[in-house]
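These notes concern the structure reproduced below.
The values are calculated or read from the model by the stated rules, or taken from the named source; none is laboratory data. A quick note: this is a predicted structure, and the numbers were derived from the prediction, not measured. Note that each Cβ is placed from the backbone with ideal geometry, even for glycine, and that neighbours are counted across all protein chains shown. The area values use the complete protein model at the heavy-atom level, side chains included, leaving out ligands, DNA and RNA. Shrake-Rupley method; radii C 1.70, N 1.55, O 1.52, S 1.80 Å.
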Amino acid sequence: EKKPCPLCSEDKYKACYSHKLHRHLLNFHWKVSVEFEGYRMCICYLPCHPVKPNLVGDQTFSKMGAHYHCIICSATIARRTDMISHINRHVNKGETESRFITVPAPKNSHQVLKESATDVRVLPNYSTPQKTDSYFNPKMKLNRQLIFSALAVLAKERTPIDCLDAFGATGIMGLQWAKHLRSSVRVTINDCNENSVTMIQENCHLNKMKVKLNTKEDDNDEAIGDGEDSTDTIEVTKMDANVIMHLRSFDFIHLDPFGTTMNYLDSAFRNVRNLGIVSLTSTDISSLYAKAQHVALRHYGSNIVRTEYYKELAARIVIAAVARAAARCNKGIEVLLAVALEHFVLVVVRVLRGPASADDSVRKIRYLIHCQWCEERIFQKEGNMLEENPYQQLPCDCHGSMPGKTAVVLGPLWSGALFNAGFLRRMYFESAQYGLDEAQSLLKTLVCEAECTTSKHYSMYASCEETKQEECGVYIKTPNTSPESLVYSLGKRKSDEVTRNANKRQKAENSAEHPAFYYNIHRHSIKGMNMPKLNRFLNYLSEAGYRVSRTHFDPMGVRTDAPLAQFKTVLLKYSTPTYGGGQVEDAEVLEEDRSGAAAAVFTKDCPPHCAAD
């Protein structure tokens with residue numbers, strides 16, 4: 001049976017079935033409601049608050065305006081902010097008794113979703129976040145798996161560790177930490193929203209976890225459990241994220257606010273422990289991906305433009321801001337992981353205490369010179385001396401052959417490595433151990449990208465053996481060895497000795513400097529020529545003596561240390577002409593063995609420059 005909306009007139013919203021009416025009430029009225037002492041004052045569209053008539057020509061138009069009804073007095077107020085101020089004035093005067101018969105807000109029917117063997121109860125409109133309700137995004141599953149893998153690696157280094165999910169929402173991430181890592185971690189889930197804190201407690205009970213409630217208004221902790229069946233305890237706090245990070249120290253901190261994370265970096269690095277990990281997820285991709293350049297300049301202090309490598313540019317902008325925030329606290333960073341996908345930019349860094357580490361990190365923040373004609377790019381040279389002609393730093397000669405100014409200065413950006421190959425290998429093993437399928441494929445690509453190799457096969461057996469030896473040994477870097485060639489000091493070690501030698505282990509895991517940025521093979525294709533397959537082209541560049549790999553930033557991107565001119569030369573050398581119409585007659589095949597190149601195919605009808613090449 002169709003039912004009308006009790007808060008809208010019939011001409012504004014016609015009667016509909018119950019499921020549509022329920023969705024209309026949630027998204028149209030409940031979303032902008034004002035809460036007071038357990039009751040909600042929903043917005044009303046009934047003809048009880050007329051708007052002043054408007055005179056247009058000889059006709060007078062009058063419409064009914066949206067408004068709120070105060071439950072304390074008989075006032076009707078149009079704006080939500082004015083309604084909140086109106087309620088606050090009543091509270092300040094001590095007027096809290098309602099003059100009307102109020103009906104308690106109905107409880108929403110919750111849905112239970114399951115992810116990584118963890119149940120979480122969400123609202124029916126979990127995909128459309130509200131200001132007073134928790135938000136759960138299923139598309140961020142890969143992000144949660146990557147963060148869990150990083151935490152699992154840290155838990156193998158030292159136990160137990162204190163970890164914080166600063167923006168809990170439904171608490172799904174903290175619940176996965178506690179449920180799988182058990183006694184290795186002490187989980188704290190924080191949120192400043194009261195409804196989110198309530199939902200986190202319910203989800204803890206749903207997964208048979210004890211809850212230790214702690215709020216800034218009440219210093220006494222309250223333990224809530226389910227009896228003997230509960231084996232783990234999760235601390236739930238209701239504070240501002242900056243406050244809890246100022247008050248307490250943690251080994252692992254994850255920041256995932258709505259938008260930019262810049263407002264919370266100073267607090268995160270102030271009390272994070274030495275060799276701890278800070279992970280942050282930035283979802284303000286409109287500014288990071290150069291769609292709102294003025295916002296990127298305001299938030300990150302960096303000048304950017306839209307380029308073919310805009311995703312890596314976004315990751316380096318975030319890391320540069322992280323390095324500056326850590327340096328203000330006399331701490332340096334080591335980048336373990338940087339991922340930029342469609343919906344988010346994830347950065348995972350390890351904190352190194354001391355002014356020397358801070359100085360080393362700040363030195364890696366440099367400006368980038370970008371040619372707008374050929375999209376060649378290079379970091380500016382170190383030093384404070386002003387060069388007479390900065391265009392000379394670019395490998396290309398577009399400034400001499402093209403009129404006007406051809407290059408722009410971008411940044412400041414992070415110029416160091418984006419990955420730690422040893423840490424990524426251990427993350428890969430942890431993801432395989434806990435069955436994180438989505439993270440495994442990405443981590444496999446990241447390991448190859450960190451080592452700048454075209455290897456398609458990653459040895460899972462070698463990773464398992466490395467991790468098993470690591471549990472009973474300490475990494476020791478020997479001189480004149482590559483970062484991957486490590487010698488293990490076997491034997492059982494005490495936990496304090498492992499912690500003491502953790503810094504040496506991190507230095508041993510540092511991968512070689514991989515080439516900065518990448519080229520899109522389609523962006524630099526030659527008109528009228530068929531490009532070789534991507535994997536074959538990678539082999540051609542490798543045979544030419546350059547380091548090369550694929551990149552997760554762009555499915556058709558090639559990360560290489562070859563200059564753009566050499567990149568185009570190799571691409572042209574192994575491309576074949578494209579014929580427009582008809583059949584090709586009298587094709588001649590010439591095999592060139594002088595330079596070891598592959599066979600080149602052309603016809604008599606080719607243009608002269610093709611035949612010459």
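For the reader, a short list of remarks on this structure follows.
- Mean silhouette area of the stretch 261-314, derived from the convex hull of its C-alpha atoms and averaged over all directions, reads 4.3 nm².
- Label sites at residue 402 and residue 1, each approximated as a point 7 angstrom past Cα along Cα to Cβ, lie 7.2 nm apart.
- Accessible surface area normalised per residue over the stretch 518-577 is 48 Å², counting heavy atoms of protein chains with a 1.4 Å rolling probe.
- At full extension, residue 91 and residue 362 could sit 92.5 nm farther apart than now, given 0.36 nm per residue minus the alpha carbon distance.
- Estimated FRET transfer efficiency (residue 32, residue 182; beta-carbon r; R0 56 Å; 0.05): 0.85
- Protein heavy-atom surface of the stretch 518-577, 1.4 angstrom probe: 48% of the accessible area is carbon and sulfur, with nucleic acids and ligands not counted.
- D (Stokes-Einstein, µm²/s), Kirkwood Cα radius, the stretch 518-577, 1.002 mPa s at 20 °C: 189
- Highest mean first, the peptides 551-562, 434-445 sorted by other C-beta atoms within 10 Å per residue fall in the order 551-562, 434-445.
- The alpha carbon convex hull volume per residue for the stretch 277-344 rounds to 84 Å³.
- Relative contact order (%) - criterion: Cα under 8 Å, at least six apart; region: the stretch 518-577: 46
- Potential lengthening between residue 11 and residue 78 on full extension [0.36 nm per residue; Cα-Cα distance subtracted]: 22.1 nm
- Projected label points at residue 298 and residue 561, each 7 Å from Cα along the beta carbon direction, are separated by 4.2 nanometres.
- Average Cα contact separation per residue, the stretch 351-425, under 8 Å, 6 or more apart, as relative contact order %: 38
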